[in-house]
Amino acid sequence: MTDGVVLDKVELRLGTKDFHFNCTLPAGAVTAVTGPSGSGKSTLLNLVAGFETPDRGHVLVGGEDVTHEHPSGRPVSLIFQDNNLFTHLDLFTNIGLGINPSLRLSADDRRAISKALQRVGLDGFEKRMPGTLSGGERQRAAFARALVRKKPVLLMDEPFAALDPGLRLSMAKLLLELHREVSNTVLIVTHDPDEVGRLADHAIFIDYGQILLQAPTTEFLARRDIPALAEFLSG
Amino acid sequence: MLTRAERRRGIAWGLLSLIGIALFVGIAVAALLSWDVGDTRARLFTAYTWRILRFTLWQAVLSTLLSIAFAIPVTLALARRPRFPVRVWIIRLMAVPMGLPVLIGALGLIGIWGRQGVINSLLLKLGLDQPVSIYGLTGILLAHVFFNLPLAARLLLAALERLPAEYWQLASSLGMRPFSVFRFIEWPAVQRVIPGIAGLIFMLCATSFTLVLVLGGGPAATTLEVAIYQSLRFDFAPARAVALALLQIGVTALILIAMARFPIPDDAGMTAGRATRRFDGRTVPARLWDAFAISVATAFLVLPLASIVFAGLKADLWNLATSTAFLRATWTSFIIALTGGLLAVLTSLAIIAARGAVTDMKRPGKAAKGFSALLGGMSSLVLLIPPVVLGTGWFLTLRSIGDVTRFAPVLLVLINMLMALPFVMRVLAPAIETHRQQSGRLSASLGISGLAKLRRIDLPVLIRPLLTGLSFAMALSLGDLGAVALFGSNDLTTLPWLVYSRLSSYRTNDADGLALLLGIICLLLTMLGTAGQKEARHD
C-alpha cells in the first residue's frame, strides 16, 4: 500500500516561526493532528492542501510529489471549522461546485449530489440556504461535498470545535461511517483528547513547529513522558 | 443611569436644536412654497424646467453607471492582489477625492483633460484633432467619475474583504477558474452592496453643484441646482428659482425614499490588517490585467491631483499668499468655518445627548420615541433640502426685510453647519456611545456628574473625536462653493469664491495658485483631524 501523506524533511519559515515536519502518515487511516495553539497544526494541513509551499523538502500525497502543485491539483478535500459553505448559494450549488467548479453538471452528478445529501442526513435540503441551517447541519453539508469529490485524502481543521458536545459525538460517528465506506486518508486537527480516542487510528503531537511524537492512538494516549503532551492530554 | 438633571438637560438641548433646525429649514421651505402659489404651479413643468430636470437625472444616471462600472474591475484587481506594491497607498489615495474641495478637483481635471491639458496635447501629437472636451456632459461625467469611482471602489473592496478567508481556500481547492470565482464568489458579494452604493452616488451626482457650475453651465448642460443659482444671480427670476427648488426637493425626496430601502454599506474594517490570502489569478494574463486596471485607475486619480500641485507652483504663490484679497478671504473663510464647525459639533452633542436621554428612560413614551426618531432623521432632512435650495428660500425671505448681503455671513455659517451635521454626527455618535458603555455605569456608581464628569471623564476621552468632527466640518465649509455662490459679494468673499471668480475672469494662473493654497489648508485640517483618530486607535 502506498503511503497516504508524506512530509519529507519539509522546512518552512512564516514570519519569525520555523517549521520542520518529517513524517509519513498511513493511507486509509485517520490521523489526529494535535498540539498547543500556534504550534503549527494548521500549517501542517496548509502544506498538504497547498496553501503553503515549503522552503525546502517535499510533500507527497499517494506516492506523488505535489510540492509545487496548485491546491486545485491536489487529491484532497477540505473541511474547516466554519465557513465551509458559500452562504449566498444553496446546498445543491455548494456541493455541485465540489464536482465541477464551473457547475457544469450531468444528470448523474445531480443524482450524486442528492444521494450525498441523503447519506449525511440532509435528505431534500438541495434548495436550502446555509443561513437557514444549524451549525451541525452545515458541517454535514460540508461532508456531503467531500463525499462527491471522491478525493483520497480528507483534511479537516477542527471540524467539530464549534459544535456542542452531544453533536460532536454524532458527527464523529458519521465521519467514521463515511471513512469506512470509502477508506480515505483522513487528517483531523483537534484540541480534544477524547476526540483523538474516538476517531483516530494514529496521532501526532506538534509543538513549536516540530512533530514530537507520532504513535498509534492507544500508545499516544498513554504517553506521559513528554511534558507538553501530558499537559494536552490532561487538559 | 443618568441623573434626572442630566436627562432633563439632554432633552432640553435636543429640543432646542430640533426647533432651531426645523425653523431654519422650515422658514426657507415655507418661503419657497408661499411664493406666488398659482404662478409657481404653472412654472413647475415648463419646457425649460423639464429639460433641466431631464439633464439632471440623465447625467446622474450616467455618472452612477460609469463610476460603478469602472470601479468593479479596479476593485476586483485590488482584492485579488493583497500584496500589490504600494496597495495601501492606492487605497488611501482613493480617500483623497472625498475630502478634496470639489472646486480644486475640478481645476485639477481641467489641467489634465482641458483644452491645453496633458491628454489633449498627447492626442494632438498622435494626430487626433478631435480633442476630449472637459466642458459639457463629457466633463461633468469625467468629474463625477473622478470623485465617485474611488468612493465606489472603497466600498466594494470592503465588501470583498469581509468575505471569510476560507472562501478563497475553498475556491482554489475546488479548482475554480477566474470566471467561476467571479460568478460564485465575487459578484454575489459585490452585487449585494451595489444598490446602496449606486443610491449614494446617484444622490451625490443629482445634487452636484460646483462641478456642473464649473464644467457645465451652458443651457445644454445645467442641473437643477445650477439653474437655481443662475435664476437668482444672473436672471433674477425668483419665480423660476422657486419652481426649480421645489422640483429639486421632489427629486431628492424620491431618491432618499428609494435609498432608504438599500442601506449604504460602510468601508469599516478595511485595511484592518487581516491579511486575506488569495490563491487565484496566478496566471500571467491575470497578473497583467490586474496591474493594468490598478495602474490606469491610479493614474486617473493621481494626474489631476499632481496637476493641482504643478499648476499651483507655477503661480506666484508668495504674492498670492500675501495679497489682501487672499488674506481677507482666508480670514472670512476661517471665521465662517470655525463658527459653523463649532455649531455643528455643539448641535451634534445636543442631539446625541437627547437621544441618549431617551434611550436611558425605562419606558420611553410614544412622544419620547418619536422625538428620538426625529432627531435621528435630522441628517436626512439636511440631505433633502440642498444648500442652494435652502439659500434660495432664505434669499426670498430676507429680500422682503432688507439687504440680503447684511445677513449673508450668518446664513453661510448656518448652511455650512447643517451641511456638516451628518458628517459630524457620524464621527461623534459612535465615539460617545462607546464611551457611555465603558464609563456610564462606573460614573453613575461613583456619583460623578456635571462639570467634574465633563472635565475628568468625558473630555479626556472625547477630545479627539470632537476635534476630528470639528476639523471635518471646517474642511467641508472651507471648500464649499454652493452656499457662497448665492450670497458671495465683494464684501463677503470666501476662499472658494475667490478661486471661482479668478477662474471666471480667466485669471487661471491665480486660480491655480489659490486652489493649491486652499488645498493645503484643507489637507492640513484633515490631517489634524485624522491624526487624533489614529492615536486614539493606539490607546
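Each value in this text was obtained by applying a stated rule to the coordinates, not by laboratory testing. Computed from a predicted model, the values in this text were never measured in an experiment. Counting neighbours? That spans all protein chains shown, and the Cβs are built from the backbone with ideal geometry, glycine included.
When only C-alpha pairs under 8 Å and at least 6 residues apart count, what is the relative contact order of the range B:63-306, in percent? Write out the running numbers ahead of the final one.
On the way: 260 pairs, mean separation 80.5, N = 244.
Reported as a whole number, the value is 33 percent.
Which distance in Å, rounded to a whole number, links the C-alpha centroids of the range B:457-524 and the range A:163-182?
66 Å
What lysines does residue A:9 reach when the alpha-carbon gap must be under 17 Å and sequence neighbours fewer than 8 apart in one chain are set aside?
A:17, A:41
May I ask for the net charge around residue A:231, where only other residues with Cβ less than 13 Å from the Cβ of residue A:231 are counted and Lys, Arg are +1 while Asp, Glu are -1? Each step should come with its number before you reach the end.
Values: positive: A:223, A:224; negative: A:207, A:225.
Net local charge, residue A:231 excluded: 0.
Can you list which of the DSSP-assigned H helices in chain B have a Cα extent of 24 Å or more along the long axis and an average Kyte-Doolittle score of at least -0.5?
B:4-34, B:47-80, B:137-161, B:187-206, B:238-260, B:284-314, B:324-360, B:404-446, B:459-479, B:508-538
Treating cross-link reach as a plain straight distance, find the lysines whose alpha-carbon is under 18 Å from the alpha-carbon of residue A:115, omitting any fewer than eight places away in the same chain.
Once the sequence-local lysines are set aside, what remains near residue A:115 is A:127, A:150, A:151.
In deg cm²/dmol, rounded to 500, what helix-only [θ] at 222 nm does the protein assembly as shown give when every DSSP H run of at least 4 residues adds -39500 (n - 2.57) and the total is split over its residues?
Theoretical 222 nm ellipticity from helices: -21500 deg cm²/dmol.
Taking the Cβ of residue B:447 as the centre, find all other residues whose Cβ is under 14 Å away and add up their charges (Lys, Arg: +1; Asp, Glu: -1).
On the way: positive: B:4, B:441, B:453, B:456; negative: B:6.
With Lys, Arg at +1 and Asp, Glu at -1, the net is +3.
Which whole number gives the average count of other chain Cβ atoms within 10 Å of the Cβ atoms across peptide A:79-90?
Across the residues of A:79-90, the mean count of other-chain Cβ atoms within 10 Å is 4.
With the crude spin-label approximation of a point 7 Å out along Cα→Cβ, what separation in nm comes out for residue A:118 versus residue B:287?
With each label point 7 Å from Cα toward Cβ, the separation is 4.8 nm.
May I ask you to compute the full-extension gain from residue B:48 to residue B:62, defined as 0.36 nm times their residue separation minus their alpha-carbon distance, rounded to one decimal in nm?
2.9 nm
Under a 5 Å amide H to amide H cut-off, with H placed in plane at 1.01 Å, what residues pair with residue A:203 once short-range neighbours are removed?
A:32, A:215, A:217
Go through the range A:15-85 and name the GluC sites (Glu not before Pro) that are in a DSSP coil and have 12 or fewer other Cβ atoms within 10 Å of their Cβ. Display every interim value, and only then the final one.
Working: sites: A:52, A:64, A:69; in loops: A:52, A:69.
Filter output for the range A:15-85: empty list.
Partner chain Cβ atoms within 10 Å, averaged over the residues of A:99-108 - can you pull that number for me?
On the way: counts 1, 4, 12, 7, 4, 0, 0, 0, 0, 0.
Mean partner shielding for this stretch: 3.
Just in the range A:47-149: which trypsin sites (Lys or Arg not before Pro) are loop by DSSP and have at most 10 other Cβ atoms within 10 Å?
Details: sites: A:56, A:104, A:110, A:111, A:115, A:119, A:127, A:128, A:138, A:140, A:145, A:149; in loops: A:104, A:127, A:128.
In loop regions of the range A:47-149 (DSSP not H, G, I, E or B), the sparsely surrounded trypsin sites (Lys or Arg not before Pro) are A:104, A:127.
Please give the Cα centre distance for the range B:192-256 versus the range B:125-171, rounded to the nearest Å.
Rounded to whole Å, the Cα centres lie 23 Å apart.
Below 8 Å, C-alpha to C-alpha, sequence gap of six or more: please give me the relative contact order for chain B in percent.
Dividing the mean separation by the residue count of chain B yields 25 percent.
Do any chymotrypsin sites (Phe, Trp or Tyr not before Pro) in the range B:116-150 lie in a loop, going by DSSP, with at most 10 other beta-carbon atoms within 10 Å of their beta carbon, and if so which? The partial results should precede the final answer.
On the way: sites: B:135, B:146, B:147; in loops: B:135.
Those that pass, being in a loop and sparsely packed, number zero.
Tell me the label-point distance for the pair residue B:368, residue B:444, using the 7 Å Cα-to-Cβ offset, in nm and rounded to one decimal.
The two pseudo-label positions are separated by 1.2 nm.
Using the Karplus curve 6.51 cos²θ - 1.76 cosθ + 1.60 with θ = phi - 60°, work out ³J(HN,Hα) for each residue of the range A:161-173 in order, rounded to whole Hz, and write x for Gly and Pro.
5, 8, 9, 7, x, x, 5, 4, 4, 5, 5, 4, 4
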